[in-house]
Amino acid sequence: MRGIGARGDTRTRVRAASALATAMVMARTTGAFYVMGGVLGLLITAVAPGDEGNRPLVAIAAAVALVLGSTLLVWGPRMPHGIHHAYVAIATVLITVAIHSFPNTTGAISLAAFYVFVACDAALFFRWSQAAAHLAFAMLLCLLVLPTRDLPWWSGLIPAGVTFGVGVVVGILTRMASEADIDVLTGLLNRRGFDRALNSAIELATRSGQGLALVLVDLDRFQKINDHLGHRAGDAVLQRVADTWAKLLTPDQRLARYGGDAFALLLPNTTEQAAILLTEQLRAAVTTGCSAGVTSWQPGESGSLLVSRADVGLYRAKQAGRNRTVLESSRQLPLAVELREAIDTGALDVHYQPIVSLTEGGGKAVGVEALLRWSSSAQPDVTTEGLIRVAEEYDLISDLDELVLRRACADAARLQDTFAQLDLTLNVNVSGLELAESGYADRVAGILASTGWPADQLVLEVTESELAAESQTAIANLHTLRDRGVRIAIDDFGTGYSSLSRLATLPSDILKVDQSFVAAIRSDSPAPPLLGVIAALSKSLDLQVIAEGVETEYQAAVLTELGFALAQGYHYSDSHPVSALISDLNEGQGRVGPGASDRELDDDSRHAANGWLPLG
Ligand code: C2E
Ligand code: MG
Ligand code: MG
């Protein structure tokens with residue numbers, strides 16, 4: 001056994017006393033020994049003949065054992081670990097009192113068999129040094145007490161020897177059996193040990209109805225430590241992290257080295273929020289940055305499902321830039337199942353929101369953005385963004401986005417046929433996760449080929465934060481797509497954390513300025529200065545720019561004044577099914593919104609259009 005096992009307290013206990021040493025198992029086992037001892041003691045005290053010793057005292061000792069055993073069975077799992085030492089020591093004393101005071105000598109000798117309970121308990125649950133102390137105490141009292149019954153001095157040798165032998169054998173066998181569950185480097189449970197602990201925790205949670213949370217933690221950039229500083233340094237980091245975390249946990253919170261630089265933490269009777277809080281404390285306790293995924297168990301779920309959900313959380317934490325905790329809530333499962341079915345049956349809708357030209361005025365449509373629409377019965381209030389998140393978490397996003405793209409290309413072809421003079425572009429949103437798949441560019445090419453929609457009339461919208469995830473495959477896909485004529489728009493621009501220098505190197509053609517900037521354009525306050533900067537920036541980088549979320553005529557006028565050429569928003573049109581859009585465009589002769597019916601500008605907008613904007 002390695003020296004490091006002697007350091008961290010929780011970890012040492014796990015190492016020394018096997019994976020069995022949980023509060024629950026200890027309480028049950030010691031409690032059962034006590035109750036058995038108490039019942040047998042009372043029974044034999046009632047039936048044994050003789051008038052030596054002190055029968056009432058033995059009966060009291062047996063009754064005390066019975067009461068103590070019951071307290072352990074009921075409250076033991078919630079008692080601190082140290083209390084079990086007191087229980088074992090008290091058992092030794094009670095047995096000794098009973099031997100000393102039993103009404104006849106034969107019975108007194110037979111009572112010495114109870115020391116074996118003490119030996120088993122100590123060997124099963126305590127470190128070797130602590131188990132040895134309990135064994136020595138029991139053997140000493142055994143050797144001392146039997147001669148007090150007018151027996152020769154050697155009369156205690158056999159029961160003391162048996163106690164010793166049982167203690168040693170049980171201790172060795174338990175440690176051998178649990179060695180397979182322990183990670184030798186850190187002394188924590190290994191994956192096998194953790195899986196076993198997880199299964200028993202699920203059984204317990206099923207019976208008790210209590211909650212159960214699971215956390216997977218990965219050290220960020222651990223590979224770099226290994227590569228640059230060597231494996232020895234890597235091992236030292238793992239040991240230090242394991243030591244630090246083990247000290248912050250209670251015995252019931254089982255920490256494991258799940259493999260490589262991944263740790264798993266099982267938290268019985270814990271809510272998702274409490275698990276997040278604890279995970280944040282653990283992350284703060286070490287200097288090594290780490291990412292974590294948290295989830296909780298729902299009745300009926302298997303251990304592997306729980307682990308894979310925590311793994312999705314961990315993956316998302318890394319995708320979002322590492323060094324953070326992400327909750328992968330189990331409540332989303334029914335929604336994911338329903339969404340899977342909807343994708344399989346094609347029971348999803350795609351609606352289209354026009355993108356209009358500001359320069360040509362009057363709400364002339366130059367393109368449409370395809371937006372997913374679906375209502376869930378499991379979670380009727382879920383937003384489209386929420387749906388996309390669930391699809392990403394449950395690995396449904398590729399199928400979902402493929403369905404939307406295919407449907408949108410077919411609908412756009414219909415639209416184009418009706419309005420041949422419009423030359424509409426089709427904007428479709430793409431998830432960063434899908435973009436990071438190696439075959440993505442080819443899949444898009446395949447869909448374009450099968451639907452006949454021209455590549456140069458397709459714009460794929462990807463959000464800034466997803467692009468910032470720095471996936472080489474995603475960037476390569478964007479280059480391939482652009483080489484084939486597809487244009488790339490950075491969606492929700494301004495909400496992510498791209499640096500300006502990065503923007504210049506990203507394979508992109510269009511910026512879609514986030515609606516929060518547009519919402520800040522109000523007639524009673526100066527226009528946000530950043531909008532002017534973005535307009536100038538896009539001009540110098542030769543990027544087209546679309547303003548999202550235009551809701552008023554005033555905003556449209558200010559944006560036009562600032563040099564924005566394209567806009568999208570409720571002011572012009574909400575998103576509609578393709579047939580409704582066709583009739584809208586028919587009615588407005590290719591135009592949408594108030595511009596389509598040549599409405600008068602309100603006062604503010606007229607001022608803005610005349611050039612005296614209240615710019616800040
Ligand atoms: P987005 O791409 O930025 O889409 C614009 C969102 O703003 C849409 O919300 C749209 O309905 C809403 N919107 C449009 N005009 C206005 C306006 O004037 N004011 C306000 N307040 N909102 C306006 P929606 O449909 O809920 O979509 C939310 C997000 O979900 C989208 O943001 C996009 O990122 C994502 N999304 C939608 N459909 C898909 C899809 O098929 N695949 C993927 N991967 N993501 C999608
Ligand atoms: Mg979009
Ligand atoms: Mg957007």
- Cα centre as origin, Lys/Arg/Asp/Glu Cβ charges: the chain dipole, Debye: 3760 debye
- Item | Inter-label distance for T106 and S375, nm, one decimal - labels placed 7 Å from Cα along Cα-to-Cβ | 8.5 nm
- Message: Can you return the lysines within cross-link range of K364? Criterion is Cα-Cα under 26 Å, with same-chain partners fewer than 8 residues away left out.
- Response: K512, K539
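Can you check what the net charge comes to around V459, using other residues whose Cβ is under 9 Å from the Cβ of V459 (Lys, Arg +1; Asp, Glu -1)?
Summing Lys/Arg as +1 and Asp/Glu as -1 gives -2.
Just subtract the alpha-carbon distance of A136 and D150 from 0.36 nm times their residue separation and send over the number in nm, one decimal.
Working: separation 14, 0.36 × 14 = 5.04 nm, distance 2.30 nm.
Extending this stretch completely gives an extra 2.7 nm.
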- Using only Cα atoms, find the angle between the long axis of helix 553-562 and the longest principal axis of the chain, and express it within 0 to 90 degrees, rounded to the nearest 10. 80 degrees
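Can you figure out the FRET efficiency of V169 with A86, using R₀ = 25 Å and their beta-carbon distance, to the nearest 0.05? Intermediate results must be reported in sequence, preceding the final value.
Values: r = 25 Å, r/R0 = 1.00.
The value I calculate is 0.50.
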- Which residue, chosen from Q281, G303, W154, occupies the Cα position most advanced towards the positive end of the dipole of the chain, where the dipole is computed from +1 (Lys, Arg) and -1 (Asp, Glu) charges on Cβ about the Cα centre? W154
- At a Förster distance of 25 Å, what's the computed FRET efficiency of D483 paired with A420, Cβ-Cβ distance as r, to 0.05? 0.35
- Note on the structure: If every Lys and Arg gets +1 and every Asp and Glu gets -1 at its Cβ, then about the Cα centre region 334-610 yields a dipole, in debye to the nearest 20, of 600 debye
- Query: Helix-derived [θ] at 222 nm for the chain: sum -39500 (n - 2.57) over DSSP H runs of at least 4, divide by residue count, nearest 500?
  - Reply: -17000 deg cm²/dmol
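Find the percent of Cα-Cα distances in region 182-327 that exceed 20 Å, and round it to a whole number. Working shown, then result.
On the way: 4550 of 10585 pairs.
Tail of P(r) above 20 Å: 43 percent of Cα pairs.
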- Which distance in nm do the two modelled labels at L157 and V337 give, with both placed 7 Å along the Cα-to-Cβ direction? 6.9 nm
- Note on the structure: Under 18 Å by backbone N from the virtual spin label 7 Å along Cα-to-Cβ at A580, the residues of region 413-456 are 415
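Out of all DSSP beta bridges in the chain, what portion is antiparallel? Express it as a percent rounded to 5. Could you put the intermediate results ahead of the total?
On the way: 33 of 60 bridges.
Just about 55 percent of them are antiparallel.
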- Which of I109, L212, L73 sits farthest toward the positive end of the charge dipole of the chain, with +1 on the Cβ of Lys and Arg and -1 on the Cβ of Asp and Glu? I109
- Karplus couplings for region 36-43 from phi (6.51 cos²θ - 1.76 cosθ + 1.60, θ = phi - 60°), rounded to Hz, Gly and Pro as x? 4, x, x, 5, 4, x, 4, 4
- Theoretical gain in end-to-end length, S540 to E360 [0.36 nm per residue, Cα-Cα removed]: 62.6 nm
- Quick one: go through region 75-115 and flag any residue whose amide nitrogen is under 15 Å from the point 7 Å out along the Cα-to-Cβ line of L40. 91-92, 94-96, 98-99, 107-115
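Which whole-number percent of Cα pairs in region 17-180 have a distance greater than 23 Å? All intermediate terms of the calculation are to be shown ahead of the outcome.
Values: 4913 of 13366 pairs.
Result for the distance tail: 37 percent.
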- Note on the structure: Rounded to the nearest Å, the spacing of the alpha-carbon centers of region 59-94 and region 245-283 is 29 Å
- Note on the structure: Neighbours of N427 by Cβ distance under 12 Å: Lys/Arg at +1, Asp/Glu at -1, summed charge -3
- Query: Each residue of region 535-549 in order: what ³J(HN,Hα) in whole Hz does its phi give by Karplus 6.51 cos²θ - 1.76 cosθ + 1.60, θ = phi - 60°, with x for Gly and Pro?
  - Reply: 4, 5, 4, 5, 5, 6, 8, 6, 10, 6, 9, 10, 8, 9, x
- Between T206 and A449, what is the label-to-label distance in nm when each label sits 7 Å out along the Cα-to-Cβ direction? 5.0 nm
- Amide H proximity to R373 below 5 Å, modelled H, separation 5+ or other chain, gives D349, V350, H351
- Item | Two-decimal ratio, the chain, of alpha-carbon radius of gyration to 2.2 N^0.38 Å | 1.42
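How long are the semi-axes of the ellipsoid equivalent to region 334-610, from square roots of 5 times the Cα gyration tensor eigenvalues, in whole Å, largest first? Spell out each step's value before the answer.
Values: eigenvalues 172, 101, 70 Å².
Working through the eigenvalues yields semi-axes of 29, 22, 19 Å.
Count the net charge of all other residues whose Cβ sits under 14 Å from the Cβ of G563, scoring Lys and Arg as +1 and Asp and Glu as -1. Before the final figure, lay out the partial values.
Values: positive: K539; negative: D542, E561.
Summing Lys and Arg as +1 and Asp and Glu as -1 gives -1.
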- Enter the angle in degrees (range 0 to 90, nearest 10) between the Cα long axis of helix 303-319 and the first principal axis of the Cα atoms of the chain, meaning the one along which they spread out most. 50 degrees
- So the FRET efficiency between K247 and S329, C-beta based with R0 = 45 Å and rounded to 0.05, is 0.95
- Query: Length gain on complete extension for the stretch A285 to E385, per 0.36 nm per residue less the alpha carbon to alpha carbon distance?
  - Reply: 32.6 nm
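We did not get these values from a lab; they are worked out from the coordinates using the rules stated. As the structure is a computational prediction, the values presented were derived from the model and not from experiment. Quick reminder, even Gly has a Cβ in these numbers, built from the backbone with ideal geometry, and neighbours come from all protein chains shown.
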